[in-house]
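Q: Pasting a structure below so you can have a look.
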Amino acid sequence: MADSALSPTVLIVEDIASLALAYSAQLEAAGFSCRTVSTGTEAVDLLARPLNGIGAVLLDLQLPDMDGLNLMRAHPDLVERHPFIVATADGSIARAIEAMRLGAFDFLVKPLAAHRLVTIMKSAHETIPHHVQVAASPVQPSSAQGYMGFIGMSPPMQAVYRQIANVARSRATVFITGESGTGKEVCADSIHKASPRAARPFVAINCGAIPEDLLESELFGHLKGSFTGAVADRIGAVQAAHGGTLFLDEICEMEPKLQVKLLRFLQTGTIQRVGAARTEEVDVRIICATNRNPEAEVAAGRFREDLYYRLAVVPLEMPPLRARGVDIALLANAFLKRYGEEEGKAFNPVSSVVIQALGQHLWPGNVRELQNLIRRAAVLHPGPDLPLDVIPRAAMPANVESGPVLAEVRSVTPQPPAQTSRALFNSLTGLTLDEIERIAIENAIDQTGGSLPVAARMLGVSPSTLYRKRERWMARSGVA
């Protein structure tokens, strides 16, 4: 049996003696020490004692003297100090998800599989020193750099920072929603960096950028010879993220057949490589994101309802840039400083007139659009002041003059065409079909603020088609 100083005691709160004994035997065989109580009252009394020696808690939700959820609601301080793993019957998944929202570390469905119980307890005990530190250090962003890679101090972003701090120590899956360009991957990376898994891998995979027939192999890996082109054994993104975090971006682009396999992985904690006969256990925290409305995707039958509820244990919505007020100025100045240094130029802080104009723009591409705009300005303008001609024309205040540079830009900007379809056709004469297709695709991407999934829906093709075409064009032009 492990030294309790190295492996804190697991408290098992279970009123059925045979189950309590079975859980104790499984955990003690893996090196844990265990204590068992049969009521919620006994558990609270023991956990409330200072220096009680308890690490994680295995809590049955159906106790003879109280409901397990009520215990967690009434004693958030205990949930903060100890990782709670809740045990629930198969028909009570909704209650288990509610427990996760109350701060539980994870949940298990009865009958508990021994390997899952041991794996989760090991992960829970790894978090104990970290989450005590997190609880004692609330999020207090104090500079324009914001928090954990974010820039911004607006109330909507302060709320996001608090959510990140609250969910970081848990294993609970997080479902990030928000418009394209709002920083969903930055959010996922921040959750990982604030978690006990920070020293382990953070692996991001875009479900819309990989063809359907390759996505299963990308996620779960394959064995040599399992399909044409499989010249060697290969682990997938799930195993590459073992011990860490797997970020599934554009999750709503995943095909239904693969959704079933992802759901099975979430339920069992095991994966099966393409071409393999056996399963392999993996310890991964899942974070996913989409710029679609996931509930609408479920209602339309494009996304499995059971998978959605498994993934959306902790929903987190990223605010659009237009709702972030003062953050626009903070972001613009931070980007201008960064890209000015890259270009070897010195820029003054963005003027109040330019900031006012930036604030009038709707920013359909959100932070990504602002970032691209400032980078372009840093390349094209010598400085030290940023002129108004960097502002999207739709946002330009009507009573502000910006000088000859803006006039020059407008003079070369294509105006709305007044030409016939024959004239339009003549303007494309001499271009190859591939060049015409590229013009149409890049125009659609520009109109959607840089969002390939939205542009794909506009053009009636899959996002993976646009990703592949752009990669091919970049390869031809020698862009890394």
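Please treat every number below as a calculation from the coordinates, not as lab data. Just so we're clear, the structure is a prediction, and the values are computed from it rather than from any experiment. Positions of Cβ are backbone-derived with ideal geometry, glycine not excepted, and every protein chain shown enters the neighbour counts.
Q: For LYS193, go through the aspartates and glutamates and keep the ones whose alpha-carbon is under 20 Å away, minus same-chain ones fewer than eight residues off.
A: In chain and number order, the partners are GLU80, ASP106, GLU126, GLU185, ASP249, ASP283, GLU317.
Q: Another one. Rounded to the nearest Å, what's the spacing between the alpha carbon centres of the stretch 237-294 and the stretch 152-207? Just the number, please.
A: Each part reduced to its Cα centre gives a spacing of 18 Å.
Q: Want the number for ASP67 to ALA277: 0.36 nm per residue separation, take away the alpha-carbon distance, what's left? Please list the in-between numbers first.
A: Details: separation 210, 0.36 × 210 = 75.60 nm, distance 4.19 nm.
Result for the pair: 71.4 nm of gain on full extension.
Q: Moving on. Which entries in LYS224/LYS261; LYS184/LYS337; LYS122/LYS224; LYS110/LYS257 show an alpha-carbon gap greater than 25 Å? Mind showing how you got there, number by number?
A: On the way: LYS224/LYS261 21 Å; LYS184/LYS337 23 Å; LYS122/LYS224 32 Å; LYS110/LYS257 27 Å.
Too far apart for the 25 Å limit: LYS122/LYS224; LYS110/LYS257.
Q: GLN356 to ALA323: FRET efficiency via 1/(1 + (r/R0)^6), r the Cβ-Cβ distance, R0 22 Å, to the nearest 0.05?
A: Details: r = 17 Å, r/R0 = 0.78.
Given R0 = 22 Å and the Cβ-Cβ separation, E is 0.80.
Q: Need the full-extension length gain, GLU342 to ILE439, defined as separation in residues times 0.36 nm minus the C-alpha distance. One decimal, nm. Intermediate values should be presented prior to the final figure.
A: Numbers: separation 97, 0.36 × 97 = 34.92 nm, distance 2.92 nm.
Full-extension gain reported as 32.0 nm.
Q: Using each residue's phi in the stretch 317-329, evaluate 6.51 cos²θ - 1.76 cosθ + 1.60 at θ = phi - 60° and report the 3J(HN,Hα) Karplus result to the nearest Hz, with x for Gly and Pro.
A: My calculation for the stretch 317-329 gives 9, 7, x, x, 4, 5, 9, 9, x, 4, 4, 4, 5 Hz in order.
Q: Summing Lys, Arg as +1 and Asp, Glu as -1, what charge do residues with Cβ under 11 Å from the Cβ of LEU223 carry, LEU223 excluded?
A: Numbers: positive: LYS224, ARG234, ARG273, ARG278; negative: ASP233.
Result for the neighbourhood of LEU223: +3.
Q: Still on this structure, I have one more. If packing is taken as the average count of other Cβ atoms within 10 Å, what order do 177-190, 248-261 fall into, highest mean first?
A: On the way: 177-190: 21.9, 248-261: 18.9.
Going from most to least packed, we get 177-190, 248-261.
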